[in-house]
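All remarks here apply to the structure that follows.
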Amino acid sequence: MFGEIKIAPSILSADFMNMERDIHMLEAGGTDFIHVDVMDGHFVPNLTLGVPFVKQLKRITDIPLDIHLMISNPLEQLDWYLDAGADWVSVHMETLRDDDEVRQVIDRIRKAGAHPALTLKPDYPIESLEPYIADLDMVLVMSVFPGFSGQSYIEGSEERVGEVAAMAKRLNPDLLIEVDGGISAGRTAGLVCAQGADVLVAGSGVFAQPNPEEAIGFLREAGRIGREADKAER
């Protein structure tokens, strides 16, 4: 929360015919994470990346892999991704039936040596995170409904970031706050960082730009400017 701004390009927007080239491009651009969108065609309507892909990524880069599990049965599949090399894992609150299942997810990720994170859809109450936030390393705030890349930012999502930041200030000041959906250097990076976001996920905001390496720096700077502007107003 309000830490150094980090960039996590969503590999779903990369060129799959030139994946290793794009990974090395991200390394050259100084990216902090590689965000991997795992979708099962059940929890969300799209079907994307899986365990074999994560294993291949782990072999070609040392950049931490930030795995976003958009799947209906995370407790059944979680260990697959941890064994494949996940460094950070975000699991949707909506897919967990009760407190015991949430605790299981956090404990299994932590015991595997990875960083536990929880996430939720834009219409799921932020306050549901409060019992667990002290035990997390990150919260992922969705600023679009998960399922497809290239969606537009849902206006007002920065307010949800602010809610998480206020909660973290009381219970876990070291928490990272990640935001995913419609993030660009033009406006939204600054909006969410002003409210406490530390990690910016961007697909087209990186890969669809004329120079993706430079785009990483532009996103980081836009976030920094937004945060500094907010401090000045206060």
Looking at (1) farther than 20 Å from Pro146 by Cβ; (2) open to solvent by less than 60 Å² (accessible area, probe 1.4 Å); (3) touching a residue at least 40 places away in the same chain (Cβ under 8 Å), find the lone condition where Val199 falls short.
(1)
For the stretch 102-120, name all the residues that are over 21 Å from Pro64 (Cα atoms) and in contact with a helix residue (DSSP H, G or I) (Cβ under 6 Å, 6 or more places away or on another chain).
Leu120
As an exercise: evaluate Gly217 against (1) open to solvent by 20 Å² or more (accessible area, probe 1.4 Å); (2) over 22 Å from Ala14 (Cβ atoms) and give the number of the one condition it does not meet.
(2)
If we take the stretch 33-110, then strands (runs of 3 or more DSSP E) inside it with 2 or more residues that are touching a Gly at 6+ places or on another chain (Cβ under 8 Å) are 34-39, 65-70
Identity of the residue in the stretch 126-171, at positive phi and under 17 Å from the mean Cα position of the chain (by Cα), that ends up most open to solvent (accessible area, probe 1.4 Å):
Gly150
Please report, ordered by residue number, the strands (runs of 3 or more DSSP E) entirely within the stretch 124-218 with at least 2 residues that are under 23 Å from Arg103 (Cα atoms) and modelled with pLDDT of 95 or more.
138-142, 176-180
Name the residue, out of His92, His35, that is closer than 23 Å to Glu127 by Cα and crowded, with 20+ Cβ neighbours inside 10 Å.
His92
What's the number of the only condition in (1) open to solvent by less than 30 Å² (accessible area, probe 1.4 Å); (2) closer than 29 Å to Pro210 by Cα; (3) more than 16 Å from the chain's Cα centre (by Cα) that Leu82 fails to meet?
(2)
In the stretch 85-102, what count of residues is obtained for those that are under 18 Å from the mean Cα position of the chain (by Cα) and of a type outside the set (Val, Ile, Thr)?
8
Here is a list of conditions, (1) basic (Lys, Arg); (2) without any contact (Cβ under 8 Å) to a residue 12 or more places away in the chain; (3) under 18 Å from Ile34 (Cα atoms), and Arg220 meets all of them except one; can you say which number that is?
(2)
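The values are calculated or read from the model by the stated rules, or taken from the named source; none is laboratory data. This is a predicted model, so every value here is computed, not measured. When we count neighbours, we look across all protein chains shown, and the Cβ atoms used for this are built from the backbone with ideal geometry, even at glycine. SASA here: full protein model, heavy atoms, side chains in, ligands and nucleic acids out. Shrake-Rupley method; radii C 1.70, N 1.55, O 1.52, S 1.80 Å.
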